[in-house]
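Below is one structure, written out as structure tokens; the observations come after it.
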Amino acid sequence: MAPRTHIAVLGGGISGLSTAWYLARTAPSNVKITLIEGTKRTGGWLHSDRVADPQHPNGKGSILLERGPRSLRPQGISGLNTLEMVRELGLDSKIEPVSKSSPAAKNRYIYSHKTLHKLPSSIMGALTHPLLAAKIPRAGLDLVKGGSGQEDESIQDFITRRFGKGFSDDLISAMVHGIYAGDISKLSVRSTFGMLYHMEKDYGSIVLGMLMGGGAVETPWDLTLKEKIVKEMPDLQEFVGKTSIYSFTDGLEELSRSLEKDLVKGGRVDIHKDSIVEKLDANLDSRDVRISIKGQEPVHANAVISALPPLKLQKLLSKPYPELTHNPSVTVAVVNLVYSAEQARLASPGFGYLIPRSENSAVNHRGLLGVVFDSCAIPEQDKGESQGKTLKLTAMIGGHMFNEALSQIASGSGSGASTLDLELSGSHKEDVSDFFAKTAMDAVKKHLKIDAAPELVKVHIHHDCIPQYLVGHLQRMQTLDQSLRKDFDGLLAVTGAGYLGVSVNDCIKNAREVAEAVVSKLEEEDDGEAQLVGRQDAITGLERSWFL
Ligand SMILES: Cc1cc2nc3c(=O)[nH]c(=O)nc-3n(C[C@H](O)[C@H](O)[C@H](O)COP(=O)(O)OP(=O)(O)OC[C@H]3O[C@@H](n4cnc5c(N)ncnc54)[C@H](O)[C@@H]3O)c2cc1C
């Protein structure tokens, strides 16, 4: 018998793969599931390369390089949820944990005033910290200030109001460079640091909120999920307790590769790669969505879950949704540098360092966001004779300063081309790669005092890779929730980094929530067949926005 209901998932990044995986585990067997990905590979930004070690041309060593995300945090409900997925995929034995007692967990730095400053790990540490001590008296006002009553504001306004400008410029801007590659004067505090927003709202003070252990943003669904995982896999808590971050032996892409492999093995999901979706036409009467695919026959589905970036989704729809196009995404240049450990040594081992905004404007105009000390965190990812013999660093450059950084080449070349044109035009591609490679090497020389030349340099420029949740983001997601419900009545739901969380963990948990919610709307007909029925409470994937 032909399946009555067909659910299509658009986009094969970690969000789309996870959505398809959770659908396959929960939907009745007569529901057809299709995953449609535009490129020849799944995984999206998860991209790990195992490369030959130039120091060991005999092939007895290899190095693992990450182009995109490199580690996961096990903490929180979303961390626990990913660990459950990892276990069910049989990936436990491939986990490479970073213990909480290791230097990579304990030492995170900020580069400021020509020095690497270790970030404090305790309140006493903060009180005596050379970067922070002078700012503490002003920050003490947090205890007596009360809340602002605002629905949302920029991270900069929020932190400056509570702790003073020094804290926001010198400390928080660096942290935001590390997570969003973004500008604290533009990003929404409520959507990026929801915990701080809720501490102020609930306790009138961040310090008090922290002392009271408040601010956690957990929906009823989150709490049920946590209870279920803790009950079924109690030992995961022990791993969470002792682990700072983790990855896998062959890098983070091992997760998306395993998901794809599991989907293929399970035989429940048709995976269409190299299939660029060009248009969606929803017919509410026949409860059908026509999915037009470049150069191929259209696919028809009874529900679509889009795990595409919001701007890409808007291009498929005939009606404009301003909430899909309001936020920009930033472009980041990722530069992997591999040195011989004999010639290059870290004086201050740790996770890496970030550059605050104050430093960028004063000293560094080339858009450096920070440098990760990869081989210090997880040396086990390098194999054979390479293990322990290389110093592997990754510089992240650009983000909200990408155009500013590129203008260095534009002004140097005298071409008069706009910065983005310059980057995109083929003739300047090498200039651009060289520029980012040089920026990374100069930073390592200047900040880490490493004079040796790297054995290997790889530059990857990721266009529009990290969505920027601008002030008012959550309210816009609520508006979008209402519009999608009204216009599509359950025929279109959304998930992915563009909406309610950019971390890999958030992408996976949000994918689970939308997949399970869509399945919960399947109704049994008299003949025992499952069918999706439109309703006022149709699923959009954005229900969570009302709780945050
Ligand atoms: C440099 C970098 C470092 C990061 N570091 C970390 C980290 O250490 N830890 C962490 O937790 N997070 C990190 N992140 C964030 C995290 O990796 C991303 O937010 C997450 O991978 C996004 O996944 P996604 O599936 O939502 O989107 P994407 O990965 O963008 O997937 C979308 C998919 O849709 C496909 N697609 C697009 N248009 C179409 C179309 N028309 N038809 C069909 N398919 C289409 C794309 O090809 C892609 O495969 C990092 C991100 C970057 C860029």
Taking amide H positions as placed in the peptide plane 1.01 Å from N, state which residues far from residue 293 in sequence (5 or more) or on other chains have amide H under 5 Å from it. 278, 299
Calculate one ³J(HN,Hα) per residue across region 264-278 by plugging θ = phi - 60° into the Karplus curve 6.51 cos²θ - 1.76 cosθ + 1.60, and present them in order as whole Hz with x for glycine and proline. 5, 4, x, x, 8, 10, 7, 9, 9, 9, 6, 10, 7, 6, 10
Normalise the Debye intensity by I(0) for region 22-174, one equal point scatterer per Cα, no solvent, then take log10 at q = 0.08, 0.10, 0.13 Å⁻¹ and round to two decimals. -0.47, -0.70, -1.00
Let me have the 222 nm mean residue ellipticity of the chain computed from DSSP H runs of 4+ only, each contributing -39500 (n - 2.57), with the sum over all residues rounded to the nearest 500. -10500 deg cm²/dmol
Where in region 32-49 is the amide nitrogen less than 12 Å from a point lying 7 Å along the Cα-to-Cβ axis of residue 270? 32-36
Nonlocal amide H pairs with residue 464, under 5 Å, H built at 1.01 Å: 331, 332
Taking 25 °C and 0.890 mPa s as the conditions, I'd like the Stokes-Einstein D for region 211-253 in µm²/s, using the Kirkwood hydrodynamic radius from alpha carbon pairs. 190 µm²/s
So for region 289-402, using the alpha carbon gyration tensor with a ≥ b ≥ c as root eigenvalues (a/c under 1.5 gives rounded; past that, a/b versus b/c decides prolate or oblate), I'd call it oblate
If you take the Cα atoms of the chain, find Rg, then find the Kirkwood Rh from the mean of 1/r over all pairs, what is Rg/Rh? 0.96
So the compactness index of region 301-362, its C-alpha Rg divided by 2.2 N^0.38 Å, takes the value 2.01
Cα shape, region 87-223, gyration tensor, a/c 1.5 rule: oblate
Highest first, please rank the peptides 275-285, 36-46, 6-16, 321-331 by the mean number of other Cβ atoms sitting within 10 Å of their residues. 6-16, 36-46, 321-331, 275-285
On a full-extension model of 0.36 nm per residue, what is the gain between residue 463 and residue 50, subtracting their alpha-carbon distance, rounded to one decimal in nm? 146.4 nm
When the Karplus curve 6.51 cos²θ - 1.76 cosθ + 1.60 is applied with θ = phi - 60°, which whole-Hz ³J(HN,Hα) does each residue of region 333-346 get, with x for Gly and Pro? 9, 10, 10, 8, 10, 10, 10, 6, 5, 5, 9, 9, 9, 8
Which percentage, to the nearest 5, of the DSSP beta bridges contained in the chain is antiparallel? 75 percent
May I ask you to list the lysines whose Cα is less than 19 Å away from that of residue 486, ignoring any residue fewer than eight positions away on the same chain? 319, 521
Using 0.36 nm per residue, how much length does the chain from residue 242 to residue 547 gain when fully extended, once their Cα-Cα distance is taken away? 106.8 nm
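Readers should treat all values here as calculations from the given coordinates under stated rules, not as data from a laboratory. Just so you know, these numbers come straight off a predicted model, no measurement behind them. We place every Cβ from the backbone using ideal geometry, glycine too, and count neighbours over all the protein chains shown.
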